[in-house]
Structure formats: structure tokens, C-alpha cells
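Inspection log for the structure reproduced underneath, given as C-alpha cells.
The values are calculated or read from the model by the stated rules, or taken from the named source; none is laboratory data. On a predicted model such as this, the values are computed, not experimentally measured, just so you know. Reconstructed Cβ throughout: ideal geometry from the backbone, glycine too, with neighbour counts over all protein chains shown.
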Amino acid sequence: MKEHLMDYLAMNTGALTIQDVLLNFLTAAVIGAVIYLSYRLSHSGAAYSARFNVSLVMLTLVTTLVMNVIGNNIALSLGMVGALSIVRFRTAIKDPRDTAYIFWAIAVGICCGVSEYLIAGVGSAVIFGLMLIFGFVRSNERYLIVIRGSAECAHPVERLIDQKFNGAARLRVQNTTPTTAEFIYEVSESQLCAANKSGDVVEFLHSGVKLDAVNVICQNDEINR
């Protein structure tokens with residue numbers, strides 16, 4: 001039984017011709033260009049990285065190369081799993097959607113590497129359409145209102161914030177010393193827009209009490225501005 005298993009692993013190599021290899025890479029390059037286009041069209045954030053987009057195409061081709069090497073050779077596939085398991089990536093993913101694009105590129109590379117062009121094409125067409133549709137989904141941006149002033153401003157600031165936002169503003173940080181006070185409030189985009197309709201928030205705070213500075217900072221899932 002052991003001899004039969006060893007013969008099967010040795011004989012089942014699944015060698016590819018040069019035409020098959022070129023066709024696999026050509027198909028992977030075409031679908032990789034589709035992935036590139038999808039990422040460019042659906043990514044609207046300020047943190048768009050052209051280098052990351054190019055790396056998606058290269059990841060598709062590299063995965064295709066690995067699958068061409070493995071083919072149907074079970075012994076080689078087990079060895080590749082062991083060799084690749086030592087690789088560790090530490091690249092920070094700024095947008096959660098980037099993870100989906102990475103897996104999309106890997107999946108296309110696997111399909112093209114085993115000559116499953118129909119699955120790669122149909123799957124990429126479906127994912128391409130969904131990525132474009134969901135690319136219009138926007139996260140609800142959050143705003144931080146940073147207020148700095150003297151220690152005597154602490155109670156007036158709390159009263160003014162409650163008055164302006166009807167108690168909806170969330171106090172995140174409060175730093176006080178014998179001479180200074182600092183507050184950081186968090187509000188949503190809709191809450192800030194509603195408050196600005198009755199007058200600018202910054203001007204309202206400055207008119208109600210003497211402050212050193214009032215900063216409004218926008219935060220979202222892509223980048224802090």
C-alpha cells in the first residue's frame with residue numbers, strides 16, 4: 001500500500017505545456033486588470049494607494065505562478081503549504097474593503113493556475129458588479145470637538161454643549177488642571193449638521209464663553225483629517 005501511494009504521488013505531476021502556462025498568465029493578467037479597474041472606481045477615500053492597486057495585479061500573477069508549479073502534484077502542494085506557512089505579513093490594511101480585494105486576487109490566481117477560466121471570469125464579473133454597487137456605501141463620519149480654555153470655563157462649556165446638541169454630544173475626554181481645562185466631545189455628522197443650522201458651533205462656543213481654542217476634527221474609517 002505504501003509503495004502504491006508513493007508511485008501515485010510521483011506520477012501524478014500534472015505537467016503543463018508552455019501554451020497552457022502562457023494562457024494561464026494571460027487570463028490572470030486580464031482579470032487582474034479588471035480588479036485594478038474595480039479598485040480604482042470603487043475606492044473614493046483620500047487614502048487611495050496606486051501602489052497597493054498595482055500589487056493586486058501582481059498578487060494575481062504570483063498566485064497563478066504558484067498554482068502552475070503545484071499543478072496536480074499532491075506531494076509538491078504539501079511542501080508548498082509548509083514552505084509558505086513561514087511567511088508573515090505585517091502590512092496595515094487601512095480600508096476593510098482592501099481585504100476583500102486581496103482575497104479576490106488570490107482566488108483569481110488559483111482559478112487561472114488550474115485553468116478554470118470560466119469560474120474566474122464569472123466570479124470576477126459578479127464581484128466586480130457588487131464592488132461597484134457597495135462602493136457607494138459611506139460610513140457615518142464622526143466629529144471630535146476639542147475645546148481648550150481656562151479652568152473657569154469648565155461648567156459654562158458643559159452647559160453650552162448640552163444646549164447646542166440637546167444633550168446628544170458624548171464627552172470622551174476631560175482634562176483639567178488648576179489653571180486650564182480641555183474637553184473632547186464626539187458627535188455624528190448628522191448631529192453636527194443639525195447644530196450648525198441654528199448657528200455655527202465654533203462661533204456659538206466662542207460667543208458664550210472666552211476660550212483659547214475650539215477645533216472640529218473629522219474622523220472616519222479611512223483617515224483622520
Considering (1) surrounded by 14 or more Cβ atoms within 10 Å (Cβ to Cβ); (2) without any contact (Cβ under 8 Å) to a residue 24 or more places away in the chain; (3) not in a loop (DSSP other than H, G, I, E, B), say which one residue 168 fails and leave the rest.
(3)
Just one of (1) out of contact with any Asp or Glu (no Cβ under 8 Å at 6 or more places or on another chain); (2) more than 23 Å from residue 48 (Cβ to Cβ); (3) loosely packed, with under 15 Cβ neighbours inside 10 Å trips up residue 173, so point out which.
(1)
Residue 173 of a type in the set (Val, Ile, Thr) and in a strand (DSSP E or B):
yes
Is there a residue being modelled with pLDDT of 85 or more, closer than 30 Å to residue 218 by Cα and surrounded by 13 or more Cβ atoms within 10 Å (Cβ to Cβ) anywhere in region 11-31?
no
Residue by residue through region 117-155, note down the ones that are more than 20 Å from the chain's Cα centre (by Cα) and surrounded by 16 or more Cβ atoms within 10 Å (Cβ to Cβ).
117, 120, 121, 123, 143, 144, 145, 147, 148, 149, 153, 154
Which of the residues spanning region 185-225 are touching a Gly at 6+ places or on another chain (Cβ under 7 Å), surrounded by 14 or more Cβ atoms within 10 Å (Cβ to Cβ) and modelled with pLDDT under 80?
222
Quick check on residue 154: is it assigned to a helix (DSSP H, G or I) and either of a type in the set (A, V, I, L, M) or modelled with pLDDT of 85 or more (or both)?
yes
Answer yes if at least one residue in region 112-126 is more than 26 Å from residue 25 (Cα to Cα) and among the charged types (D, E, K, R), and no otherwise.
no
